[in-house]
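Visitor: The following block contains the structure, expressed as structure tokens.
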Amino acid sequence: LRRLIPLAPLHLPANLEGIVAARLRLPRARHLACFDTAFHQSSSMLARRTGLPRAVEQNEIRRYGYHGLSYEFIVDHLRRNEGEDAANAPLIVAHLGAGASMAAISNGQSVDTTMGFSTLSGLPMATRCGDIDPGLILYLLQEKGWSASDLQTLLYEQSGILGLSGRSGDMQALMATPVDADAREAIDFFCFQARKHIGALAAAMGRISRIVFT
């Protein structure tokens with residue numbers, strides 16, 4: 001689990017602290033880790049590829065997808081409340097919050113999702129950038145002299161809605177107060193990206209019956 005921290009540096013350190021605390025206090029209890037990536041194991045190899053050479057895509061490098069526990073809950077909720085047909089229909093589920101992703105789900109299984117190797121990709125989020133041209137990262141490293149540590153802080157903690165608005169990464173806070181031009185652009189940018197990803201996921205499935213917001 002510690003080796004996986006680079007995939008989700010905002011989440012795993014706190015998760016691990018919780019595990020350590022629980023094992024110290026409940027040493028005889030069985031402790032289970034529920035992986036947010038597991039739901040997306042049903043996606044095809046095409047959806048899991050990164051575009052890097054096969055020699056590089058060995059072992060841990062691939063598109064994982066995240067928020068799987070949320071998506072699994074939605075499928076189970078539909079099955080319990082509306083039956084098998086509803087749970088098996090082609091869905092786009094939008095998990096929108098400080099962390100944000102969407103998933104195309106058909107027959108109760110993940111077809112594709114917006115997040116990839118890390119929790120950075122896909123939709124812009126409260127403080128995370130979402131999809132970004134990897135060439136821009138190389139530019140900041142090579143031409144601007146940024147360190148890997150500075151880039152991690154930029155991409156995970158200073159970008160997204162916070163970076164664009166200059167005020168807050170909380171969409172509710174931005175909507176509840178008078179919105180200036182920068183905040184309006186941050187909101188519009190998020191909506192633009194959300195529409196674009198919905199279209200891409202619908203294309204990946206070939207059809208869609210409903211969009212579910214968590």
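The values are calculated or read from the model by the stated rules, or taken from the named source; none is laboratory data. What you see is a predicted model; the values in this text were computed from it and never measured. Positions of Cβ are generated from backbone atoms using ideal geometry, with glycine treated the same way; all protein chains shown enter the neighbour counts. We work out accessible area using only protein heavy atoms, side chains counted, and drop any ligands, DNA or RNA first. Shrake-Rupley method; radii C 1.70, N 1.55, O 1.52, S 1.80 Å.
Visitor: Could you work out how much longer the chain between Gln109 and Glu185 gets when fully extended? Use 0.36 nm per residue separation minus the Cα distance between them, nm to one decimal.
Guide: Full extension of this stretch gives 23.9 nm more.
Visitor: With a sphere of radius 13 Å drawn around the Cβ of Thr114, what net charge do the other residues whose Cβ falls strictly inside it have (Lys, Arg +1; Asp, Glu -1)?
Guide: My count for the surroundings of Thr114 gives +2.
Visitor: Express as a percent, rounded to the nearest 5, the fraction of DSSP beta bridges in region 91-214 (both residues included) that run antiparallel.
Guide: Counting only bridges with both partners in region 91-214, antiparallel ones make up about 70 percent.
Visitor: Out of region 34-142, which trypsin sites (Lys or Arg not before Pro) are coil in DSSP terms and have no more than 15 other C-beta atoms within 10 Å? Working shown, then result.
Guide: Details: sites: Arg48, Arg49, Arg54, Arg62, Arg63, Arg79, Arg80, Arg128; in loops: Arg49, Arg54, Arg62, Arg63, Arg128.
Sparse-neighbourhood loop trypsin sites (Lys or Arg not before Pro): Arg49, Arg54.
Visitor: With springs connecting C-alpha atoms under 10 Å apart, model the chain as a Gaussian network and identify which of Thr153, Thr127, Thr37 has the largest mean-square fluctuation.
Guide: For the chain, modelled as a Gaussian network with Cα springs under 10 Å, the answer is Thr153.
Visitor: Any idea how far apart Gln158 and Ile5 come out in nm if each label point goes 7 Å out from Cα toward Cβ?
Guide: 2.1
Visitor: Which loop GluC sites (Glu not before Pro) in region 74-158, with loop taken from DSSP, have no more than 13 other Cβ atoms within 10 angstrom of their Cβ? Walk me through the intermediate numbers first.
Guide: Values: sites: Glu82, Glu84, Glu143, Glu157; in loops: Glu143.
The qualifying sites are Glu143.
Visitor: Okay, next question. I need the phi-derived Karplus couplings for region 156-173: 6.51 cos²θ - 1.76 cosθ + 1.60, θ = phi - 60°, integer Hz, Gly and Pro marked x.
Guide: 8, 10, 10, 10, x, 5, 4, x, 6, 7, x, 10, 7, x, 8, 4, 4, 5
Visitor: Largest first, please: the extent of the C-alpha atoms of region 101-214 along each principal axis, to the nearest Å.
Guide: 47, 38, 17
Visitor: Can you tell me which of Tyr71, Tyr156, Tyr139 moves the most in a GNM of the chain? Springs connect C-alpha atoms under 10 Å apart.
Guide: Looking only at Tyr71, Tyr156, Tyr139, the biggest GNM fluctuation is shown by Tyr139.
Visitor: Continuing with the same structure: Ignoring any ligand, DNA or RNA, what whole percent of the accessible area of the chain comes from carbon and sulfur when the probe is 1.4 angstrom?
Guide: Looking at the chain in its full context, I get 55 percent from C and S.
Visitor: Explain nothing, just the number: relative contact order of the chain, from Cα pairs under 8 Å at least 6 residues apart, as a whole percent.
Guide: Relative contact order comes out at 19 percent.
Visitor: Here is a follow-up. Probe of 1.4 angstrom, ligands and nucleic acids ignored: what's the accessible area per residue over the chain, in square angstrom?
Guide: 59
Visitor: Could you list, bin by bin from short to long, the percent of Cα-Cα pairs of the chain in 5 Å steps?
Guide: Here the calculated profile for the chain is 1, 6, 13, 16, 17, 17, 14, 9, 4, 2, 0, 0.
Visitor: May I pose another question? Give the percent of DSSP beta bridges with both residues in the chain that are antiparallel, rounded to the nearest 5.
Guide: 70
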